[in-house]
Amino acid sequence: MLVYGRELDIVNFGDGTTRDALARDTETCVCVLPPAAFKDWGTVVARFEAAELIVKRVRTLYLDGNTASDVGRVCGVDGRPLEGAVSLLCIMGGLDGVRKMQSLCAAAAGELGIAAPLVATTAAEAADLVSICSPAPSTATLDSCTCCVVKPHAIKTGALGAILDGVIQQGYEVSAMDTFQFDKAQADEFLEVYKDVVPQYADHVVQLCSGLCVGMELRAENAVETFRQTVGPWDVEMAKELRPATLRAKHAVDNVRCGVHCTDLPTDGPVECEYLFKILS
């Protein structure tokens, strides 16, 4: 995190008393969203956020038959529905996180008519799921794609689910997704092509490295230009006035805290996705 312009990493509890007081509150819950529920991934994430469950990581990965079977075995269910592209979520749920997630996932499955997300019921199950899924290959294609980055301010305000749902409902293929924490040098390198183009460039760099963000590789015909229309004008007031249905009109605070970053030039789509999903990952 950024404190008075200095980048600080919290690596552990300061003492045993703090650990005893806060460790259970920061326990990580793990959930797997199955391929069959793809059209409602954003809705499920939005329900988690509305219940004050904090997304620590969301990542798409491809589970082959053996890996899907291993995941199912850990949780005592048939793993076959998990074969394919899934979304793995790590959630900070507090003392009642697992129960909340189970309840929300069951409600979503019933109300939306989707395959129920798989929730780890114990810390051991959560650790096993992460261990099994971590080696699974990235789903990034780096082809016919554009890059979307949900900015830190939008993650902090619980807008990830709504943004993801907006992307999916517009018909984009979310071919890859992961959570990133840029340092200042990485943020500057990623945004370098915009240095002499975008107003308040230095502020954009600071915003990008101010917390967790979620990067997506999106595929569609003429992906870069099409998604720029979905995102809306870079000037937020113009977006709100002229394009109120766009992502920036709905989720931006100002021209720096603009909800999402999107690729500007058609040739840069694969380049930006490669930076996220090959270099940073």
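Points worth noting:
- Residues of the range 91-106 classified as surrounded by fewer than 19 Cβ atoms within 10 Å (Cβ to Cβ) and under 29 Å from residue 180 (Cβ atoms), total: 5
- Cβ-Cβ under 9 Å pairs, at least 6 apart or on other chains, the range 157-178 side on the phi > 0 side of the Ramachandran plot, far side assigned to a strand (DSSP E or B) and β-branched (Val, Ile, Thr): 158/54; 158/55
- All conditions in (1) among the polar types (S, T, N, Q); (2) modelled with pLDDT under 95; (3) out of contact with any helix residue (DSSP H, G or I) (no Cβ under 7 Å at 6 or more places or on another chain) hold for residue 138, with the sole exception of (3).
- All told, residue 254 falls short of being closer than 20 Å to residue 145 by Cα, assigned by TED's automatic domain parsing to the domain that holds residue 195 and not aliphatic (A, V, I, L, M).
- Residues that are more than 19 Å from the chain's Cα centre (by Cα), over 19 Å from residue 232 (Cα atoms) and either surrounded by fewer than 22 Cβ atoms within 10 Å (Cβ to Cβ) or not assigned by TED's automatic domain parsing to the domain that holds residue 258 (or both) are absent from the range 146-169.
- Scanning the range 49-93 for residues that are in contact with a Lys or Arg (Cβ under 8 Å, 6 or more places away or on another chain) and over 17 Å from residue 133 (Cβ atoms) returns 51, 53, 92, 93.
- Restricting the first member to the range 107-119 and to residues that are farther than 15 Å from residue 86 by Cβ, and the second to residues that are buried (at least 20 other Cβ atoms within 10 Å of the Cβ), the beta-carbon pairs closer than 6 Å and six or more apart or on different chains are 108/44; 112/40.
For every residue, the table says whether it meets (1) more than 17 Å from the chain's Cα centre (by Cα); (2) closer than 18 Å to residue 199 by Cβ; (3) surrounded by fewer than 19 Cβ atoms within 10 Å (Cβ to Cβ); (4) modelled with pLDDT of 95 or more.
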residue	(1), (2), (3), (4)
230	yes, no, no, yes
246	yes, no, no, yes
253	yes, yes, yes, yes
260	no, yes, no, yes
274	no, no, yes, yes
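- Test: residue in the range 111-124 that is hydroxyl-bearing (Ser, Thr, Tyr), touching a helix residue (DSSP H, G or I) at 6+ places or on another chain (Cβ under 8 Å) and at pLDDT 95 or above: no
- Looking across the range 141-155 at every residue that is outside any strand (DSSP E or B) and touching a Leu at 6+ places or on another chain (Cβ under 8 Å), the one that is nearest to residue 69 (Cα to Cα) is identified as 155.
- Those strands (runs of 3 or more DSSP E) lying entirely in the range 1-92 with at least 1 residues among the aromatic types (Phe, Trp, Tyr), at pLDDT 85 or above and outside the structural domain of residue 167 (by TED's automatic domain parsing): 54-63
The values are calculated or read from the model by the stated rules, or taken from the named source; none is laboratory data. Note that this is a predicted model, so its numbers are computed, not measured. Please note: Cβ atoms are built from the backbone with ideal geometry, for glycine as well, and neighbour counts cover all protein chains shown.
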